[in-house]
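Presented below is the structure to which this report refers.
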Amino acid sequence: MHAKHSIQMASHYFIRSFILAAFAYFIVVLVRTDNLDLYIATRMQFIVKLTALGMYVIAAQQLYAGIRSWANHTHHSHACCDDHSHDLPNSWRASLLLYGWFLLPLVLALAVPDGMLGSAMAAAKGVQYSPEQVVMPESPSSPFLQRFAKYGQQLIKQNPIGISDERFIETLTTLDLYRTAFIGKTIRLSGFVFREKGMNNHQFSATRFAVSCCSADAYPYGILINYGKAYLLESNEWVSVTGKLSTTNYNGKEIIEIDANVIQRIHIPDDPYVSPDIDFESE
């Protein structure tokens, strides 16, 4: 009976070791295939990589504990096992349920191909065309709003004004907040083609998903593009857009748009998502 209990303990240690090692290996595979960007924001990836290392260490510890429990059937081992027997599920059904909850997300991650968020998710969440409505503070004289004003003074000197990946949200918000000052300025940005119900053949949105932590909190931001040959572009196709900033009425609201004169098809960026610039508020 003692030996049976010891082997039972070993089995649980081995299962835990396998699960931890499998999760760690999955993260390593994502890093090696450059697909970690599809799940985790760039600034959070270092923590995720450290987590994978930690899981490998704990998996090794669990494996060692399992080998000890398997090999030792002495009274001392039995006493040790009794001390920790309360940690074990009391039946194979309970064990299956417990470990199944950990294995399920891993199985789903392996079964579903790595994919980038696109038009389907943008339609489900709704593209934000006026980011200033999200970040606008109650007081127009707040230090938060003053930072956008200061950034706007930098942007107005650029020709063309590039909406970079590093400050996609901040630049789009500044253009929206101070649209009057930027009307007629040449703007350049990249994004994927998104169309929603109500758009005509000359319209689409150049859209990017903003990620704060991981793809679960991703939210689509875009700018409306007016282009005579927009109907030739397919949804989810990545493009670089250059054109003049203007305004238009869309869904009952005045929003900014780009009257495009140059559109180029481009490859999907290495990091298709954008993130809030954590240094923006400190400048």
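The values are calculated or read from the model by the stated rules, or taken from the named source; none is laboratory data. Since the model is a prediction, treat every value here as computed from it, not as a measurement. As a convention, Cβ positions derive from the backbone with ideal geometry for all residues, glycine included, and neighbour counts pool all protein chains shown.
In the range 83-118, the qualifying residues are those that are small (Gly, Ala, Ser) and within 18 Å of Cys214 (Cα to Cα), and the one that is modelled with the highest pLDDT is Gly118.
Find all pairs meeting these conditions: Cβ atoms under 8 angstrom apart; at least six residues apart or on different chains; first residue within the range 100-117 and part of a loop (DSSP other than H, G, I, E, B); second residue modelled with pLDDT of 70 or more and polar (S, T, N, Q). These pairs meet every condition: Asp114/Thr33; Asp114/Asn35; Leu117/Ser215. No other residue among Ala60, Ala10, Ala24 is free of Cβ contacts under 8 Å to residues at least 60 places away in the same chain, in contact with a helix residue (DSSP H, G or I) (Cβ under 7 Å, 6 or more places away or on another chain) and within 21 Å of Leu103 (Cβ to Cβ) apart from Ala24. Can you tell me how many residues within the range 151-194 are assigned to a helix (DSSP H, G or I) and either over 22 Å from Asp279 (Cα atoms) or touching a residue at least 12 places away in the same chain (Cβ under 8 Å) (or both)? Count: 17. The set of residues in the range 172-189 being under 30 Å from the mean Cα position of the chain (by Cα) and farther than 19 Å from Ile263 by Cβ consists of Thr173, Thr174, Asp176, Leu177, Tyr178, Arg179.
Residues of the range 168-193 that are out of contact with any strand residue (DSSP E or B) (no Cβ under 8 Å at 6 or more places or on another chain) and crowded, with 20+ Cβ neighbours inside 10 Å: Glu170, Thr173, Thr174, Leu177. Applying the selection to the range 206-249, what residues are among the hydroxyl-bearing types (Ser, Thr, Tyr), closer than 18 Å to Ile263 by Cβ and outside any strand (DSSP E or B)? If the condition is that a residue be among the hydroxyl-bearing types (Ser, Thr, Tyr), closer than 18 Å to Ile263 by Cβ and outside any strand (DSSP E or B), then Tyr227, Tyr231, Ser235 are the ones that fit. For the range 237-249, the count of residues that are among the small types (Gly, Ala, Ser) and surrounded by fewer than 18 Cβ atoms within 10 Å (Cβ to Cβ) is nonzero.
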